[in-house]
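Below is one structure, written out as structure tokens, with a few remarks after it.
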Amino acid sequence: MTKVVSPQLLDDVRNADSTAGRIAALRSLKNDIIGHNQKKQAWTELGILPLLSDVLMSRRGVARKPEFHSPKQNQTEEDEMCFQAITIIGSLALGGPEYTSPILAGEAIPALLSILSTSSCPRSLALAVLQTLNTIADQLALVYQNVDNQTQPMGALLFTRKYIPTFRGILQQPGSSPGAQPCIELVADLISKTCSGEQQKSILAECGILDALGLRLATFIVAGGFVLPGAENSYSSTKNSYMNSSHLRVKEEAPAVLASLIMESRELQRYAVDSGAIKKLAQMLKESFGPTSEAGTPMWSATKRPATVLVQSTESDVALGPPGFTRQALSKIKYREAILKALAALALVNDDYRKAICDHGVVQHIIDSMKPWNPETTVLGNKTCITELEGNTTPVILAACAAARSLTRSVSVLRTSLIDAGIATPICALVKSSNIEIQIAATSVMCNLALDFSPMKEALLEANMVPLLCENSHSSNANLRIESLWSLKHISYNVPNKMKKDILEALGIEWIKQVLSHDPNDPLNARRRQEDIASELPSSFIEMGTSNSFGEQVDILNPVITSDQESESPMMDFDTRISDGAIPAKSPVDALSAENLRKRRLALNGDLDQTKKLRQDDTLAQEELFDLLRNIMCGPGAPDMIDYLLQKFGQTDFLDILASKLRTRPLPTSSASMAAFKDKPTASSHQKSILHPTEIIRAVTYVLIHIAAGVSRHRHLLVFHQDLLKLTMALLSHSNWQIRANCVWIVINLTLDDDKTDRASRVERAMRLKSLGVMERLSSLEIDSESDVRERTKTALDWMKALLGQ
């Protein structure tokens, strides 16, 4: 069959003498397109989409807030004209994901939204617009770029302040109103398919969409039945195509739902395992690597496709875009991703579950799930869509890394199944990926592979990963920076001094000093961050406190990152309870409506969440750096490394940095804060003091333990520093038992009898400790609630009494 089209129809649509004539031309065009894929392509190449957008934009309607509660409006000739144009756009969208590129380039979506947002839009026309938008969204989900990057370009077009009130109005109309329920369902579907970014989620919440959805959900609860209204028979007459689509969606979402349910519950994990979840998930993962059943072969055409077509092309409103996945192929990808997430959740805590997962033979499949696919080498042959994938998309790779990260928490699994499968090789390759999300996920796995008891630590060193990790430690992305520092911390433990020095030199001594000297919780820094965030935002998002665009050069100490880049660090035990920064003063309540109050509350929460996240990132980076220094001071060559650090940092600078983290910080009151921000002193300032975060203090005390475990000259530096020992001993009464125990260890190391010729110095250090009231403080710890603290205290008191002659 050859594609024969008549360009005269375009002229009839473009130059019609009347609306009725244009309707007739559009109807003929619709009849010519529906069911004919080759003609769809031909009409697209003739420029039908820009013309249809012009037709829609020519409708005379007042663009104001629509009244969806009003009675059904009578349909005019203009409405019929738009209906025909909308039907044609919907038919073209059904042609496949390759039609989404010209649809976007032809500005069909803004044209559809302009129709929907007018007050004179009848429900029948609104229904057609929403159906077409959902069809376009479904096809966009199949485009390979969107599948690989988990993005939805429609969201940026739909969720703006111009059109959100339209969607809210549809959701808020009474469900009992004639024709309202289909529109409500279509809007909810559209949001679920296209809302993918944190900025979009924030503005939808601020503008009342979340409230409207919550209210709509509440109306679904039927007394005594707890079913959706009409759910028992709504689709009784549907065809197999819907049932197949519904089955695919349930199949791909069920494992993901399981993962969400059991992620933070040991009890639910146990129930899932007892119910055979591991066996079933292992079987499902293996099935996901089987061939798909559909062939994807098109009808014969005289026009030949090139063998390889998956190359990014310039968007055009008259040319088809690259082909996408078939629905079955996309379902298979999501299916594998969801299974891997469920396995990751099951293996998160229990070592027996990790072993059971490995025993079911899925380790190799997890590693196979880490292989990326390259669209530029995908050969379609005579097929129009991708039916089989040689490799995995980014979401699947991220899920595979999560599963691997959970499994690597087991020492036995590290030493058996994972080393046999050769997991180090693909992880090293992924750390070098150009995709930063993959880099972060792979580096988080490397954190566990680099542990000292891991047999793969040597493989990482042989793969020369240290320079790359040091480079990534300077990344503007906080998650990549922290995961890289975490890996370096583990690598640096129990390696030769040359390797430790190489790590320090690659990171840069001055950079380390800068990071460690920074105070993430300084109110001045918090205010500067808020101002920096606001200055980088589009005007429509300034009050939302959303993040800066990804990839910009930012201060290494104050990076701005997006929330979809967050990753969970392995074995992370991070206390996020850090004091919030100063909150801007609120406007008088009587000057704001209830709606504005709600918007302001959401906006402020966005600012505070962003600022708090930045503080947490900076705090965790400092903690990892202190732990890195701690591990560098370990091992047989520890005294040499302590000398090296003191020389490179500067003896005074290094000890002053440690002391600054143990010293209390001023916490201004409201008036004091405002005066500080304006650089003006105030007599009414009342200063309170607050300690640094527990994580930082604990990390610093570990560093002090290792310095005190050095040679006599190192201990002398600690004891006779003007503040360091005094600040440390004051922490013997800290609320955190690990910090108390660490401070007792410092006393033990300072008085340790490891050099018989050093007794005079030991006595001198004991006298110095006594002058600081250490004996009384240690006596109070003899009845500490923690047995570890009590045992260490007993040892410390014995050493002190022996040296003091008591």
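From Cα pairs below 8 angstrom and at least 6 apart in sequence, can you work out the relative contact order of the range 642-806, rounded to a whole percent?
Relative contact order here is 18 percent.
What is the sum of charges around Leu113, taking Lys and Arg as +1, Asp and Glu as -1, for the other residues whose C-beta is under 13 Å from the C-beta of Leu113?
+2
Roughly how compact is the range 424-516, stated as its Cα Rg over 2.2 N^0.38 Å to two decimals?
Cα-based Rg divided by the globular estimate yields 1.00.
Give the peptides 109-119, 733-743 in descending order of average Cβ contacts within 10 Å, highest first.
Result, highest mean Cβ count within 10 Å first: 109-119, 733-743.
Expressed in whole Å with the largest first, what are the equivalent ellipsoid semi-axes of the range 642-806 derived from the C-alpha gyration tensor as the square root of 5 times each eigenvalue?
Largest first, the range 642-806 gives 32, 20, 14 Å.
Restricting to Cα pairs below 8 Å that are 6+ residues apart, what does the relative contact order work out to for the range 765-806? Please round to a whole percent.
Answer for the range 765-806 is 41 percent.
Using per-residue counts of other Cβ atoms within 10 Å, averaged over each peptide, order 29-41, 387-399 from highest down.
My ranking of the peptides, most packed first, is 387-399, 29-41.
Can you sort Thr757, Thr44 so the residue with the fewest Cβ neighbours within 10 Å comes first?
Ordered from fewest to most neighbouring Cβ atoms within 10 Å, Thr757, Thr44 come out as Thr757, Thr44.
Could the peptides 649-658, 97-106, 778-787 be put in order, highest first, of the mean number of other beta-carbon atoms found within 10 Å of their residues?
97-106, 649-658, 778-787
For the range 183-190, take each phi angle, set θ = phi - 60°, evaluate the Karplus expression 6.51 cos²θ - 1.76 cosθ + 1.60, and give the result in whole Hz per residue in order, putting x for glycine and proline.
Result, rounded to whole Hz: 5, 4, 5, 5, 5, 4, 4, 4.
Pairs Lys371/Lys500; Lys30/Lys162; Lys501/Lys648: which are spaced more than 22 Å apart, C-alpha to C-alpha?
Lys371/Lys500; Lys30/Lys162
Taken together, the values in this text are just the output of simple stated rules run on the coordinates, not laboratory data. Not measured: the values here are computed from a predicted model. FYI the Cβ positions are ideal-geometry reconstructions off the backbone, even for glycines, and counts take in every protein chain you see.
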